[in-house]
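Chemist: Take this structure first; my questions come after.
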């Protein structure tokens, strides 16, 4: 278990799927309610454990089960590239703990954990204005591309953080 700013981080395990699927479902459903006015929605498998089994337990990803005072808080999934060009696949937090600065603490933990990173990349739903605010205004990402602009369900924002001069193409 690693500690950072009052949070506890440990490697995500298969036994965590059920517990964190419930949290993931509530987090994504809350975002969908706020931004789309619909009761539920998220990426495929977000509500039955398939997403976490596929991505958090993937052999090439690094996933963290995150706790605050031993209470399950959320999950972060990252992909660390050999060339120090890394991808933030997912961060989600229990809606009961959102808007308290904990997402930023999670991101700061990830950044300090991988100091050699030249660029971070991530992608988020176009409708999720809270995510845009979080990634751009709190974490320092820049929007570099919008896929499927104007499509209520398919629009996605591609973001990067780091020096584009260092990127290998």
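Chemist: Consider residue 123 carefully, then state whether it is free of Cβ contacts under 8 Å to residues at least 12 places away in the same chain, under 16 Å from the mean Cα position of the chain (by Cα) and surrounded by fewer than 18 Cβ atoms within 10 Å (Cβ to Cβ).
Modeler: When the stated conditions are applied, residue 123 does not pass them.
Chemist: Those residues that are over 18 Å from residue 72 (Cβ atoms) and touching a helix residue (DSSP H, G or I) at 6+ places or on another chain (Cβ under 8 Å), I need them from segment 87-113; list them, please.
Modeler: Listed by number, the residues that qualify are 88, 89, 104, 107.
Chemist: So, one more: Go through segment 34-63 and report how many residues are more than 13 Å from residue 92 (Cα to Cα), modelled with pLDDT of 95 or more and assigned to a helix (DSSP H, G or I).
Modeler: Qualifying residue count for the region: 4.
Chemist: Sticking with this structure for a sec: Would you confirm whether or not segment 64-71 contains a residue that is part of a strand (DSSP E or B) and farther than 28 Å from residue 33 by Cβ?
Modeler: no
Chemist: Let me confirm something: among 106, 91, which residue is crowded, with 19+ Cβ neighbours inside 10 Å, without any contact (Cβ under 8 Å) to a residue 60 or more places away in the chain and within 12 Å of the chain's Cα centre (by Cα)?
Modeler: Result of the check over 106, 91: 91.
Every residue, every condition in (1) over 18 Å from residue 124 (Cβ atoms); (2) surrounded by fewer than 18 Cβ atoms within 10 Å (Cβ to Cβ), yes or no:
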{"residue": "36", "(1), (2)": "no, yes"}
{"residue": "51", "(1), (2)": "no, no"}
{"residue": "56", "(1), (2)": "no, no"}
{"residue": "65", "(1), (2)": "yes, no"}
{"residue": "74", "(1), (2)": "no, no"}
{"residue": "80", "(1), (2)": "yes, yes"}
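Chemist: If I filter segment 47-63 down to residues being in contact (Cβ under 8 Å) with a residue 24 or more places away in the chain and out of contact with any strand residue (DSSP E or B) (no Cβ under 9 Å at 6 or more places or on another chain), which single residue comes out as farthest from residue 96 (Cα to Cα)?
Modeler: 53
The values are calculated or read from the model by the stated rules, or taken from the named source; none is laboratory data. Nothing here was measured: the structure is a model prediction, and the numbers come from that model. All Cβ positions, glycine included, derive from the backbone under ideal geometry; neighbour counts span all protein chains shown.
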